[in-house]
1. Placing unit charges on C-beta atoms (Lys and Arg positive, Asp and Glu negative, everything else neutral), compute the dipole magnitude of the stretch 120-161 about its Cα centre in debye, rounded to 20.
2. Based on DSSP H runs of at least 4 residues, each adding -39500 (n - 2.57), what is the mean residue ellipticity at 222 nm of the chain after dividing by all its residues, to the nearest 500 deg cm²/dmol?
3. Only four residue types carry charge here, +1 at the Cβ of Lys and Arg and -1 at the Cβ of Asp and Glu. Report the dipole size of the stretch 164-262 about the Cα centre in Debye, rounded to the nearest 20.
4. Step through the residues of the stretch 231-243 one at a time and calculate ³J(HN,Hα) from phi using the Karplus curve (6.51 cos²θ - 1.76 cosθ + 1.60, θ = phi - 60°), rounding each to whole Hz and writing x for Gly and Pro.
5. How much of the accessible area of the stretch 32-132, in percent, comes from carbon and sulfur atoms when a 1.4 Å probe is used?
6. Sorted by average packing, counted as other Cβ atoms within 10 angstrom per residue and highest first, what order do 126-137, 205-216, 98-109 take?
7. Placing unit charges on C-beta atoms (Lys and Arg positive, Asp and Glu negative, everything else neutral), compute the dipole magnitude of the chain about its Cα centre in debye, rounded to 20.
8. Take every Cα-Cα distance within the chain, group them into 10 Å bins from 0 onward, and report for each bin the whole-number percent of pairs it holds.
Amino acid sequence: MHAMASLVASLSYIMTFRGRLMVDLGLPPIIGHRGARGLAPENTLSGLKAAFGQGVRYVEIDAKLTQDGVVILMHDETLDRTTNGSGAVAETPYALIHTLNAAKAFPDLAPEPPPTLVEVLELVQSVGGGINIEIKPCPGRERETAAAVIDVVRATWRQPILPLLSSFQRASLEACRDLAPDLPRGYLSEIEGEDWVAEAKSLGCTTLNLGWKMLTPAQVPGLIASGLPLLLWTVNEPEVARAFLAAGATAIITDRPDIVCA
Ligand code: G3P
Ligand code: MG
């Protein structure tokens, strides 16, 4: 990188909010969900490329461990819905998972295996993009999955704006806090009536990642007054996206960046 560009990048990395130092998360208003799930196979390299093809430069994906500890992209605990395989991800070694087709939902597309997180981080960096890695552990592997994700990020990520690590699992967020306090953490919740801000702050999280159906736009100003950027999922209707972004939401995570961006 040119010396001046490097200086600007490092200065813009730290911003302030009401006098407090904040890490620049590089969050754009539109984030692709599982890549661009409405346009291409979820949690695949072609899905990420579909998101990038829509001008999206920040994606959310789900990270899980194979039986032998490889971090791959997979939403479900089993292989059945999204691949031509079957059985528990946690009981299947990577060598077998690598032979499967994760593009099953899009039969006109070329088959492709579930990608590793390493492959995904390299692809995202090749377009200068950003990523929200949702740690989606199989039960009992909450800390182990977080630790493996952190190892991959440490070994692979070279850009100044860091990946955002999020999880519904408190144990995974605690592991991230303990093992990698420098990596930003997102508090994921789908629990209505919970004090999301208090829960997020109790874990030292950097963002609130909430299901939009629990909220109205009128609640947004109160939430962002906490200083925590607010990411809402999964917003696939343009009018809903517009209303929440106009109310001050930081970003919406969408399956359909083609229509939500329009
Ligand atoms: O991270 C936002 C969203 O992906 C959480 O729900 O089930 O789609 O992973 P899910
Ligand atoms: Mg997810």
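The values are calculated or read from the model by the stated rules, or taken from the named source; none is laboratory data. A quick note: this is a predicted structure, and the numbers were derived from the prediction, not measured. Backbone-built Cβ (ideal geometry, glycine too); neighbour counts: all protein chains shown. These accessible areas exclude ligands, DNA and RNA; they are computed on the full protein's heavy atoms, side chains included. Shrake-Rupley method; radii C 1.70, N 1.55, O 1.52, S 1.80 Å.
1. 60 debye
2. That comes out to -8500 deg cm²/dmol.
3. Numbers: 7 positive and 12 negative charges, 34 e Å.
Roughly 160 debye for the stretch 164-262.
4. Once θ is set to phi - 60°, the couplings for the stretch 231-243 become 10, 10, 10, 9, 9, 10, 9, x, 5, 5, 4, 4, 5 Hz.
5. After summing per-atom areas, the C and S share lands at 53 percent.
6. Most protected by this proxy first, the peptides run 126-137, 205-216, 98-109.
7. 660 debye
8. Distribution as computed: 7, 30, 38, 21, 4, 0 percent.
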